[in-house]
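All of the numbers you see were taken from the coordinates with simple rules; none came from a lab. As the structure is a prediction and not an experimental result, all values here were calculated from the model. Glycine also receives a Cβ, built like all others from the backbone with ideal geometry; neighbour counts cover every protein chain displayed.
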């Protein structure tokens with residue numbers, strides 16, 4: 001079933017979908033009167049709907065059922081991702097949203113090769129947010145994960161203080177994820193490096209703020225593989241793959 005986000009709460013049983021979503025429903029999907037689709041509101045309310053009319057700029061639906069969406073993990077995970085080269089971040093955003101990430105913070109660390117200027121970086125963040133929306137619809141998420149504005153490494157460490165637990169995945173070793181999160185936190189931050197990994201001083205900065213260094217095994221993973229592996233491990237260890 002087609003899955004869309006409303007961007008606003010819906011109190012009426014009749015709701016009008018407009019703009020890009022309407023065009024996608026009527027033109028791309030060629031959906032018609034009587035077909036069913038799902039809408040999800042910002043509060044995570046899942047609305048099962050039937051199309052009443054479908055025009056290119058306006059699709060009217062009848063809300064037949066309301067329930068709280070149960071597709072979200074019970075741990076909120078933020079990815080602090082050091083910018084990789086090329087378009088790898090597109091792939092990272094898409095797959096992390098599918099796997100259940102709550103928030104993504106692009107980050108400039110010491111060993112980042114990719115260092116776009118502020119204007120280019122802002123455009124990239126806008127594109128990554130659009131990728132997040134599309135991935136959230138495809139994977140039937142209950143929220144649209146946020147792609148935050150890019151931060152420096154130190155700004156990211158400061159931002160991470162809001163999390164119950166922070167983990168920096170370090171290619172030179174650390175504890176197992178299972179040991180680190182024995183007591184399941186409500187929110188987690190995960191730091192992932194770019195192609196060059198992290199400098200020792202950056203790891204020490206995270207540790208000094210109460211974070212833990214974790215390992216993903218003896219093999220060195222590519223910059224676009226590491227966040228997916230780390231997030232998958234966290235989802236498994238917190239019971240969110242059950």
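A simple packing score, the average count of other Cβ atoms within 10 Å per residue, orders the peptides 148-154, 74-80, 13-19 as 74-80, 148-154, 13-19, with the highest score first. Of all DSSP bridge pairs formed entirely within the chain, close to 45 percent run antiparallel.
With contributions of -39500 (n - 2.57) from each DSSP H run of at least four residues, the per-residue ellipticity at 222 nm computed over the chain stands at -8500 deg cm²/dmol. Taking the C-alpha atoms only, the angle from helix 88-99 to the longest principal axis of the chain is near 70 degrees.
The mean sequence distance of close C-alpha pairs (under 8 Å, at least 6 residues apart), as a share of the length of the chain, puts its relative contact order at 19 percent. Judged by the mean number of other Cβ atoms found within 10 Å, the most tightly packed of the peptides 211-218, 45-52 leads the ranking 45-52, 211-218. Available extension along the chain between residue 186 and residue 48 is 46.8 nm, counting 0.36 nm per residue and deducting the alpha carbon span. Each DSSP beta bridge with both residues in the stretch 2-68 is either parallel or antiparallel, and the antiparallel ones are about 85%. Calculate, for residue 215 and residue 152, the FRET efficiency according to 1/(1 + (r/R0)^6) with r their C-beta to C-beta distance and R0 30 Å; round to the nearest 0.05. Approximately 0.75, to the nearest 0.05. Computed over every Cα-Cα pair of the stretch 1-61 and binned at 5 Å starting from 0, the pair-distance distribution P(r) comes out as 4, 21, 34, 27, 12, 2 percent. With the gyration tensor restricted to C-alpha atoms of the stretch 34-170, the semi-axes of the equivalent ellipsoid amount to 34, 18, 11 Å, longest first. The listed peptides 176-186, 97-107, ordered by packing as a protection proxy, come out as 97-107, 176-186 (highest mean of other Cβ atoms within 10 Å first). Relative to the longest principal axis of the chain, what angle (0 to 90°, nearest 10) does the C-alpha long axis of helix 226-237 take? Computed tilt is about 80 degrees.
Treat the count of other C-beta atoms within 10 Å as a stand-in for reagent exposure and order 202, 8 from fewest to most.
Result, fewest neighbours first: 8, 202.
Using Cα Rg over 2.2 N^0.38 Å as the read-out, say which of (1) 1.06; (2) 1.12; (3) 0.91 was calculated from these coordinates. So the structure-derived entry is (2). The residue 229 and residue 1 beta-carbon pair, evaluated with R₀ = 25 Å, returns a calculated FRET efficiency of approximately 0.25. In the chain, the longest principal axis of the Cα atoms and the axis of helix 118-138 are about 60 degrees apart.
Given their separation in residues at 0.36 nm each and the Cα-Cα distance between them, residue 172 and residue 32 gain 44.8 nm when the chain is fully extended. Could you work out Rg/(2.2 N^0.38 Å) for the stretch 140-221, with Rg from alpha carbons only? It is 1.13.
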